[in-house]
1. If I model a spin label as a point 7 Å beyond the Cα along the Cα-Cβ vector, how far apart are those points for Arg250 and Ala135 in nm?
2. Express the Stokes-Einstein translational diffusion coefficient of region 62-128 in µm² s⁻¹, to the nearest whole number, given a Kirkwood radius over alpha-carbon pairs, 20 °C and a viscosity of 1.002 mPa s.
3. Among Gly210, Gly48, Gly247, which one shows the highest mean-square fluctuation when the chain is modelled as a Gaussian network with alpha-carbon springs under 10 Å?
4. Compute the relative contact order of the chain as a whole-number percentage, counting only Cα pairs closer than 8 Å that sit 6 or more residues apart in sequence.
5. Report P(r) for the chain: all Cα-Cα distances, bin width 10 Å, range 0 to the bin holding the largest distance, values in whole percent.
6. Build a GNM of the chain with springs between Cα atoms under 10 Å: which of Met198, Met70, Met149 gets the top mean-square fluctuation?
7. Rounded to two decimal places and with Rh computed the Kirkwood way over Cα pairs, what is Rg over Rh for region 334-419?
8. Please work out how much length the chain gains when fully extended from Gln29 to Ser41, using 0.36 nm per residue of separation minus the C-alpha to C-alpha distance, in nm with one decimal.
Amino acid sequence: MQTNGTLFTAVKGILSSLLISVAFLAQAQPDYQFSNPSLESGSALQAGAVYRFPNVKTGFDALVTISTVMPGITLTNIDRTIDGFQEAFQPQYTINASTNAYAEFTISFVSAGTNTVVAQPKMDASGLDIDGQLAKNGSKLYEFNRIDMGGGVVDFDLLGGELMISNQGTAFTATNSTGVLFGASVDTAAYEVMFTVMKNNVSSFTYRVGANNLTTANSTRYASMYFMRFAYQNSILAAPALKDFKGVKRNNTVDLNFTLTQINDVRSVVIEKASNPSAFGSVGIVWTSNEMNKSSFTFTDNNFSTTSYYRLKMVTVSGAVQYSNVLVIRAGEAVNNNFKVYPSVISSTATVSVSATKNQQATLQLIDLNGRMVSSQTMQLQQGSNNLSITKPGNITSGNYIAVIKVDDSLQSQKIMIN
């Protein structure tokens, strides 16, 4: 956000006690509070400098190291307090004209008064007011924030329209996409220009702030990182977390494989099984929150003997529950009974059963009764009896079709109906 010290000073005495106190009463306090930094080592505001923020949480200090300052950007204040939020970490900088640059900080949590790094059980960090600036000649400036906790999940307003959120390795970057000022000051209710990164067991992480200044003038900006999770109205985490769900039968065992989307807040996945689709019970659990950088998981059911129905119960960190589609694994089918789609009347999802003699790819096509291919998808098979869940393509009209699967040079087909 752009600095606005003159305006703030003019209205501070009139409005601060009214507006700011009301805002603070209306919201919970952050998990960590950054204020009163002191220079521990190095040259002030230069790369390599280390600042101590005391008592960010009871028993803990934070050591903030200036890791990188790119050419074209100058740090002018390690923690701006004249406006914004005093408990937030708010580095101020000047970005040169026609420059794309950043400063990066490493934030480590230590026992109070020491340099002993201590992992924090839960870390929620939110970048606030990531906006831009429109110059008189029509050129623009675009701010960006990047948080790298070594993984975790990101949340933001999916329909906000102001930010582009991207993932690079274990880092999440929020980049302003409009190049215009959003509001007159920092606001924790301006969800359109905010994002939050969350991860458990964090001892240190990096925070990058900067801008792509396409204007012809230098600009003084500051960033604001608030240590709190927010409830975004159009949360990306409200989207379905499951990417795919499939099973492979091998004699008396079934391997269930599922993949979650890269962005999710699923804490655990309960595997449920039933002999009929109306009486599910738990047969196991996978704690996905213990595997921060992993998205694909496998569960083996060693007690398979009759046709069984499987589904996944996904529990988020907030306790919300999402269910997967139901996967049917049929018993007693020989390996040479290669291909079956059930149910044969498809309303939304179905299970494709196909056997493979090795790990390989197959192609599943839908052919209408005029011989035209209306859908095609590639499926990854494992050695054994594969059972894969498919979803009715959105562009398919109701009617009769032929489902055709190609494995190597073999073609097999089945007539199906789509509602």
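Every number here is computed from the coordinates shown, using simple stated rules; none is lab data. Given the structure is predicted, the values throughout are model-derived calculations rather than measurements. All Cβ positions, glycine included, derive from the backbone under ideal geometry; neighbour counts span all protein chains shown.
1. Here the answer is 6.3 nm between the modelled labels.
2. The Stokes-Einstein estimate is 154 µm²/s.
3. Greatest mean-square fluctuation among the candidates belongs to Gly48.
4. Relative contact order here is 12 percent.
5. In order of increasing distance, the bins hold 4, 19, 23, 18, 14, 13, 8, 1, 0 percent.
6. Met70
7. Ratio of gyration radius to Kirkwood radius: 0.95.
8. Length gained between Gln29 and Ser41: 1.3 nm.
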